[in-house]
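Written out below as structure tokens is the structure these notes cover.
Rule-based calculations on the coordinates, nothing more; no lab input. Computed from a predicted model, the values in this text were never measured in an experiment. Quick reminder, even Gly has a Cβ in these numbers, built from the backbone with ideal geometry, and neighbours come from all protein chains shown.
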Amino acid sequence: MRFTSEDRLDETVLERTFTLGPADTSGPADPSEVPGASGIPGILWTPTSDAAPATPAPLILLGHPPLGLRAMYPRLAARARSAVADGFAAATIELPGAGDRPPLPGAEQARAELRRAMRAGERVDDETVDALVLPLVDAAVPEWRAALDALLALPGIGGPVGYSGGVISVGVRLAAVEPRVRAAVLFAGSLVPRTILEEARTVTVPLHVLLQWDDEGNDRQASLDLFDAFGSHEKTLHANMGGHTGVPEHAGDTAARFFTRHLK
């Protein structure tokens, strides 16, 4: 992990950008042929030195859709400020195929088919969902775990670890395979491959799932089926009326209390 910039957002939050990697130096000689070989960008938010707690802060990994860190930054920074105010460190990384990273094979064709099906009012078939989501999950989860290795080695950061956000399939896989993730807040989405639905049955950490009841891009029943599949003994579905961007502020407050309860 190489830090590339440092900025104090205010008197209590330190923001540092970093590059993680290269992720793999044993593959093709041309780095452009290896997603992530030139390094994975990320951002870490921690309390400033004068606001740092006496003990290492628990860590929240901030998930997000693959729209690029530049586009997502305002929302990510707001979530990170809230997390730091609650006594956590927060971090995120650029997803494979997003931002300036090389596109994932077949992703553009899958997105084109997704847009065509949605315009036509058709059900998105399983093959398109698999082609769109599974390569992202397969590439992203090892990178999140590598980032977690580097982050937990830094002074002032300790466990336990929480995951918050989307892509929900990434969150499901990470919660299933990464024992350091002890609780998760997941943002409901319906483009979930059947493989991920089966993996959800193996997830046992406490879960808090946010669902917008009238999300125009989300199949509500598919989201409910995924929630039902989770194997967690403690799982809460927090549903609110409104579309995709209409998540009320109090929903974030409830999620924050969930992490405080399970990570501190």
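Observations
- A convex hull fitted to the Cα coordinates of the chain yields 125 cubic angstrom per residue.
- Rule-of-thumb Rg ratio for the stretch 44-108 [Cα; 2.2 N^0.38 Å; N residues]: 1.34
- Choice from 204, 19, 245 showing the highest fluctuation, given a GNM over the chain with Cα pairs closer than 10 Å: 245
- Viscosity 0.890 mPa s, temperature 25 °C, Stokes-Einstein D of the stretch 110-264 from Kirkwood C-alpha radius, µm²/s: 151 µm²/s
- Overall dimensions of the stretch 71-186 as given by Cα atoms, namely Rg and Dmax in Å: 16.2, 52
- Nearest-20 debye value, the stretch 213-263 charge dipole, Cβ charges on Lys, Arg, Asp, Glu: 300 debye
- Unit charges at the beta carbon, dipole of the stretch 185-260: most positive-side option, 236, 252, 210: 236
- Computed over the chain: relative contact order in percent, which uses C-alpha pairs under 8 Å that are six or more apart: 14 percent
- In percent, rounded to a whole number, the relative contact order of the stretch 34-155 is 27, using alpha-carbon pairs under 8 Å and six or more apart.
- Over the chain, dividing the summed -39,500 (n - 2.57) contributions of all DSSP H runs of at least 4 residues by the number of residues returns a 222 nm mean residue ellipticity of -12000 deg cm²/dmol.
- Cut-off of 10 Å, at most 11 other beta carbons, DSSP loop: longest stretch of the chain lacking such GluC sites (Glu not before Pro): 12-121
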